[in-house]
Amino acid sequence: MIYHIIIHIVSLNISVFLGLVSIFAYLKNSNIRMFFMALGFVTLAIVEGIMLLSSTGNLGNVILPSVNIELPHIVLLIMITLFGLGLLKAN
């Protein structure tokens, strides 16, 4: 179980680092594509934080009752959508 937690800690650190780098890149260039990529990395950090808390037992499974889907899956869908917008958005 400790390796599972370590993987989430490392993933959280990497996603926070990439989020900060992409935010600084957006502030420097003010490109809408960079904005969507920055939001994608921020949502990756959020979902990694949720999964870390879930794997340590500090947070139970957060299920949205109206659609019966776990919250990390919704956040992952938002993240993939933001990355897609960042990659496919025309200038």
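The values are calculated or read from the model by the stated rules, or taken from the named source; none is laboratory data. Note that this is a predicted model, so its numbers are computed, not measured. Positions of Cβ are generated from backbone atoms using ideal geometry, with glycine treated the same way; all protein chains shown enter the neighbour counts.
Here are the numbers for the structure shown:
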| quantity | calculated |
| --- | --- |
| Residue in the stretch 56-67 that is more than 17 Å from residue 12 (Cα to Cα) and of a type in the set (Gly, Ala, Ser) present | yes |
| Cβ-Cβ under 8 Å pairs, at least 6 apart or on other chains, the stretch 20-31 side modelled with pLDDT under 95, far side surrounded by fewer than 14 Cβ atoms within 10 Å (Cβ to Cβ) | 31/91 |
| Selection count, the stretch 6-41, where residues are surrounded by 19 or more Cβ atoms within 10 Å (Cβ to Cβ) and of a type in the set (Val, Ile, Thr) | 0 |
| In the stretch 43-90, residue farthest from the chain's Cα centre (by Cα) [restricted to those that are free of Cβ contacts under 8 Å to residues at least 12 places away in the same chain and surrounded by 14 or more Cβ atoms within 10 Å (Cβ to Cβ)] | 59 |
